[in-house]
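Enquirer: Provided herewith is a single structure, encoded as structure tokens, for subsequent inquiry.
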Amino acid sequence: MGIEVVVEGLTKSFGEQSIWRDVTLTLPAGEVSVMLGPSGTGKTVFLKSLIGLLKPEKGRVLINGVDMVNSPERDIYETRKLFGLMFQDGALFGSMSLFDNIAFPLREHTRKKESEIRRIVMERIEVVGLLGAEGKLPGEISGGMRKRAGLARALVLDPQIILCDEPDSGLDPVRTAYLSQLLIDLNAQIDATMLIVTHNLDIAATVPDNMGMLFRRELVTFGPREVLLTSEEPVVAQFLDGRREGPIGMSEEKDAATLAAEAGAAGTAPPRPRRIVPQLEPSPGLPPRRAVARRRERVMSMIEQLPPAARSALREADARNAGAPTLPMPAAGSGA
Amino acid sequence: MITGALRQTGRLFALAAEVSRAIFRRPFQFREFVEQFWFVAGVTILPAALVSIPFGAVIALQVGSLTQQLGAQSFTGGASVLAVVQQASPLIVALLIAGAGGSAICADLGSRKIREELDAMEVMGVSPVQRLVVPRVLATMGVAVLLNGLVSVVGTLGGYFFNVILQDGTPGAYLSSFSALAQPADLYISELKALVFGFIAGIVAAYRGLNPRGGPKGVGDAVNQSVVITFLLLFFVNMVMTALYLQIVPPKGG
Ligand SMILES: Nc1ncnc2c1ncn2[C@@H]1O[C@H](COP(=O)(O)OP(=O)(O)OP(=O)(O)O)[C@@H](O)[C@H]1O
Ligand SMILES: [Mg+2]
């Protein structure tokens, strides 16, 4: 089962520039979470802080009792073996072929025989659709292929916590759909805790159990997907609708004057009500996601504190799931 | 400014300590070590051999001319060999290891750093210091010692050639003065110097490579600085080691 990641009061700045302050959230064990946020709000910095590559000035990141910010370096190294991180730019080793890149964690951390390694690596290469390219160097493949290879490398040790930095950037819509399904299937298979950073609205709408959003140096919200998807919060609503009207501007955020002018401008269409699309189901033949039951229990216990819109969305989803309790549903969108 | 310099120095020493500890940590990266040793040796051996012949010759000529004026020609051989083995050779080695080997190491690590390869390695629970820096530092140390032996021999032969053939010295005088003045400790200190120089060159190159500022331009600057810093450090350390050696080890001829 995946491991819970508890973030408490995390604050990070680079010199004068404050990136975010006092971020507190819990990634529930085994569930899939998505972190949204306009470009440059420190999503990558957040992922790197979770894994201890960057050291926030304040706060803690607790994983199995190890604080990834302040614990001794040795404990942090041990704990990192639980992680798989897919970097925004792939971060493949330029001097090694794709095969060697993906085999690297196996060769470093296991005593498997070369034939065994070959089997596992080729399996992963097939999953991410890179068969035939395994002998190439990272410099000889496209950006999207590099990302997929980076994902394969992150997955090769069956990590219990998977962090993906914009898995969709550089991928076409079809590949992105496959990738969404892949992430859900993966979660069904190894029940890992996952955090995906993305701008992609399709991924945000169909993949996660929980969603959060970083904006203006803060965590705006973090909670069950239904809460964000029904949120009236201007930043969240603007982002999810992909509109220009709202607090998010081209350069991070708009100033008060522009906002006022926008508010005064007549004819700003009222936001259309968003439809909540059902979450992806694992592909037929795979076991059901164990996180679903855990999450239902968790969410139902806090349902009274949620806003009304989120409550009804949750009840609706619950009723739908209860309709077909054990049969593997012909999942919406799983053909993608 | 001063605190900045002190902080850098502190970090450099911290890296040196970390590397020294990681040298003994298993698993040892044997393949990486062999590859790096081969690489550093490859880029330094030929230039070292080519530099050491004229260098040996210059010293032999200079010492020869001085001893002639003092009426001590018979000591030319021993004196020039000592100068070559103890001073010229470790310094030639230092220049080449830092200039050819260290700069390549620094550029390599620096570009890996900005491509996030080192971060990726750390994330996978593999320490870049143990995996990459230790084999490189050991390689520069090993090659320095090897190269020092090579330069000493080639320099001495060059000196012999110029002294005996061009300055009409006699082979017998050359050899007897050599055995009168030189002792094994001279060779030991020479190799010890080379070992220390190799260590310093490796550490400085790794330190600057691991901490480039900004993008590719930063890597270029880092390489440049690593060579300059290494030179400064090596000449200083050479002075200290020479002074200590002359104090501690009694000269044979006296
Ligand atoms: N090593 C660093 N040194 C100084 N500033 C940094 C560093 N890394 C990131 N930053 C700053 O932190 C801010 C957030 O960067 P980050 O890469 O986390 O954004 P992001 O949310 O991932 O954006 P995107 O969606 O475009 O990837 C940026 O303003 C960037 O300039
Ligand atoms: Mg980013």
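The values are calculated or read from the model by the stated rules, or taken from the named source; none is laboratory data. The structure displayed is predicted, hence computed values, not measured ones. Don't worry about glycine lacking a Cβ; one is built from the backbone with ideal geometry, like all the others, and counts go over all protein chains shown. Heavy atoms of the whole protein, side chains included, go into the accessibility calculation; ligands, DNA and RNA do not. Shrake-Rupley method; radii C 1.70, N 1.55, O 1.52, S 1.80 Å.
Enquirer: Within the stretch B:105-249, what whole-number % of the accessible surface is contributed by carbon and sulfur, with the 1.4 Å probe and all protein chains included in the calculation?
Expert: 74
Enquirer: Could you provide, to the nearest whole Å², the per residue accessible area of the protein assembly as shown with probe 1.4 Å?
Expert: 47
Enquirer: Hey, another quick one. What's the FRET efficiency of B:F236 with A:N64 using the Cβ-Cβ distance as r and R₀ = 45 Å, to the nearest 0.05?
Expert: The formula returns an efficiency of 0.40 here.
Enquirer: Determine the shielding of peptide A:83-94 by partner chains: average, over its residues, the number of Cβ atoms on other chains within 10 angstrom of each Cβ.
Expert: Mean partner shielding for this stretch: 4.
Enquirer: Note down the net charge around B:L146, summing +1 for each Lys or Arg and -1 for each Asp or Glu among other residues with Cβ under 15 Å from its Cβ.
Expert: Summing Lys and Arg as +1 and Asp and Glu as -1 gives 0.
Enquirer: Within chain A, which DSSP H helices have Cα atoms that stretch 24 Å or more along the helix axis and a mean Kyte-Doolittle hydropathy of at least 0.0?
Expert: The answer, listed by residue number, is A:173-190.
Enquirer: So, by mean Cβ neighbours within 10 angstrom, what's the order for A:111-122, B:134-145, A:70-81 with the highest one leading?
Expert: B:134-145, A:70-81, A:111-122
Enquirer: While we're looking at this one, here's another question. Mind jotting down the distance between the C-alpha centroids of the stretch B:81-121 and the stretch B:1-45, whole Å?
Expert: 10
Enquirer: Further question: Where is the GNM fluctuation largest for chain A (alpha-carbon springs, 10 angstrom cutoff): A:A177, A:A91, A:A192?
Expert: Largest GNM mean-square fluctuation: A:A91.
Enquirer: Of A:K55/A:K136; A:K81/A:K136; A:K12/A:K112; A:K12/B:K217; A:K12/A:K81, which ones are farther than 32 Å apart at the Cα?
Expert: Pairs exceeding the cut-off: A:K55/A:K136; A:K12/A:K112.
Enquirer: Ok, one more. Which FRET efficiency, nearest 0.05, do A:L137 and B:S74 yield, Cβ-Cβ r, R0 51 Å?
Expert: Efficiency computed from Cβ-Cβ geometry: 0.25.
Enquirer: A:R290 versus B:L157, label points 7 Å from Cα toward the beta carbon: distance in nm?
Expert: In this crude spin-label approximation the distance works out to 7.0 nm.
Enquirer: Tell me the label-point distance for the pair B:R7, A:E108, using the 7 Å Cα-to-Cβ offset, in nm and rounded to one decimal.
Expert: Spacing of the two 7 Å Cα→Cβ label points: 2.8 nm.
Enquirer: In Å², nearest 100, what accessible area do chains A and B bury in total when the solvent probe is 1.4 Å?
Expert: It comes to approximately 1600 Å² buried between A and B.
Enquirer: For a Förster distance of 45 Å, can you work out the FRET efficiency between the beta-carbons of A:R244 and A:I190, rounded to the nearest 0.05?
Expert: With a Förster radius of 45 Å, E is 0.65.
Enquirer: Between the alpha-carbon centers of the stretch B:137-200 and the stretch B:205-222, tell me the distance in whole angstrom.
Expert: Between the Cα centre of the stretch B:137-200 and that of the stretch B:205-222, the gap is 35 Å.
Enquirer: Still on this structure: Starting from the Cα of B:L66, step 7 Å along the direction of its Cβ; do the same at B:A49; then give the gap between the two resulting points in nm.
Expert: 3.0
Enquirer: Moving to a separate point now. Report, ordered by chain and residue number, the lysines lying within cross-link reach of B:K193, taken as a straight Cα distance under 25 Å and ignoring same-chain residues fewer than 8 apart.
Expert: Hits, sequence-local ones excluded: B:K252.
Enquirer: Tell me the angle of helix B:184-210 to the major Cα principal axis of chain B, expressed in degrees between 0 and 90 and rounded to the nearest ten.
Expert: Tilt relative to chain B: about 30 degrees.
Enquirer: Which angle from 0 to 90°, rounded to the nearest 10, does the C-alpha axis of helix B:216-248 make with the longest principal axis of chain B?
Expert: 40
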